[in-house]
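What follows is a short report on a single structure.
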Amino acid sequence: MIRIGIVDDHAIVRAGLRNFFSDQVDLRVVGEAASGREAIDLVRAVEMDVLLMDLAMPGQSGLDVLAMIRAKVPDVGILILSGYPEEHYAMSLIRQGVSGYLNKECDPAEIVEAIRTIALGKRYITRTVADLLAQHLGRKEDVPAHEQLSEREFQVFLKLARGETAGDVAKSLSLSVKTVSTYRTRLMEKMGLASNSDLTYYALKNRLID
């Protein structure tokens, strides 16, 4: 039996997934969460094989808590089910250790296939993601600027791009304001940008934020 945790801020999405999985004899939903913070509490309290998680949630997003979840349960497979297209987040997240990335427009049967693959300790790579990986091999100079950021730099970048202050970012990521400022300086240098307005424009242009 494959034990699954579902993290999504929409109750109807969680209910739909739970009902669909109930028809699969080898899958069992062992817990649900509606936010990144609840996801951390869930993996602390419940043993599972695969965590199915959205990225965009209020408060702490899936992206914000990904590192903490991996640190607490390094063996759990993490499957991202997101409304964002693969080309926007998949490459960065796979490099950060997620086991698979699916767009919410995928066929539900593919979610089941991905879960079964990940439960075996493998990664689930869609054709789209495989194509992206192939395009990026040996072409670091052509990699989009945001994909050259570290995991933490990427988190800070997205929060600043959404208009959060350094104090807001520090509080949500449990960092000092000085540390956030250091990350901001680094990511600005890597991306060749000069202001928070530039960050917002870049993120909107590349459809990294809504």
Name the trypsin sites (Lys or Arg not before Pro) in region 139-189 that are in a loop by DSSP and that have at most 10 other C-beta atoms within 10 Å, would you?
R139
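May I ask which of K72/K122; K104/K171; K72/K205; K72/K171; K122/K159 have a Cα-Cα span longer than 28 Å here?
Checking Cα-Cα distances, K104/K171; K72/K205; K122/K159 exceed 28 Å.
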Out of residues 5 or more away from T126 or on other chains, whose amide H comes under 5 Å of its own, with H placed 1.01 Å from N in the peptide plane?
Y101
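Can you compute the helix-only [θ] at 222 nm over the chain? Use -39500 (n - 2.57) per DSSP H run of at least 4 residues, normalise by all residues, nearest 500 deg cm²/dmol.
Computed ellipticity for the chain at 222 nm equals -15500 deg cm²/dmol.
Every number in this text was worked out from the coordinates using simple rules, so none of it is lab data. Here the structure is a predicted model, which is why all the values come from computation and not from measurement. Here Cβ is always computed from backbone atoms with ideal geometry, including for glycine, and neighbour counts include all displayed protein chains.
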